[in-house]
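Notes follow once the structure below has been shown.
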Amino acid sequence: MKKYLSVSVVAVLCSLVSCKDEYTICTLSKDVKFIAGFYQSQNTPAPAPQLSVSILNTNAFIYTNQGNVAEMGFGLNSTLDSNRYVITIAGNLPKDTVTIRYSSQTSNLSLECGSITTNTINSISSTHHTIDSIKITNATCNNTPIQNARIFY
């Protein structure tokens, strides 16, 4: 009986140890975002005092009255080739509409990690109520957290 008990204990311990995940197969990020920073001049960041961002003609808010936002980031809809957003930099300033035109493509990360949908920014335009201009700084939106645009106000 002791022989069977010791064999059972060893089998249970081996199964517990063998189920432990000691390796992370995929450490690559699958988070793809369009990232834009707020600026007053070419190299002077100026966080948005009270940022609100929504998709035009919807109640879908991405940011709602968030204070002191240095940069915003959100995913782009890969089934579309453009999208329009309503941006309010501060509650007392007029709203602007920003249009982002882009193309989407699938990129393989690796066999273990699978693939992601990346975007290439073709153009960005806006109304000029509060926003002075928008400059594309990196046209590729992928899983690297790099600013794609600078919004000057």
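FYI, it's all coordinate maths here, none of it is from the lab. Keep in mind it's a predicted model, so treat the numbers as computed, not measured. Note that each Cβ is placed from the backbone with ideal geometry, even for glycine, and that neighbours are counted across all protein chains shown.
Just name the residue that is nearest to Val32 (Cα to Cα) out of those in the range 123-149 that are part of a strand (DSSP E or B) and without any contact (Cβ under 8 Å) to a residue 40 or more places away in the chain.
Out of the qualifying residues, it is Thr140.
Applying the selection to the range 81-130, what residues are crowded, with 16+ Cβ neighbours inside 10 Å and of a type in the set (Ser, Thr, Tyr)?
Those that are crowded, with 16+ Cβ neighbours inside 10 Å and of a type in the set (Ser, Thr, Tyr): Tyr85, Thr88, Tyr102, Ser104, Thr117, Thr118, Ser126, Thr130.
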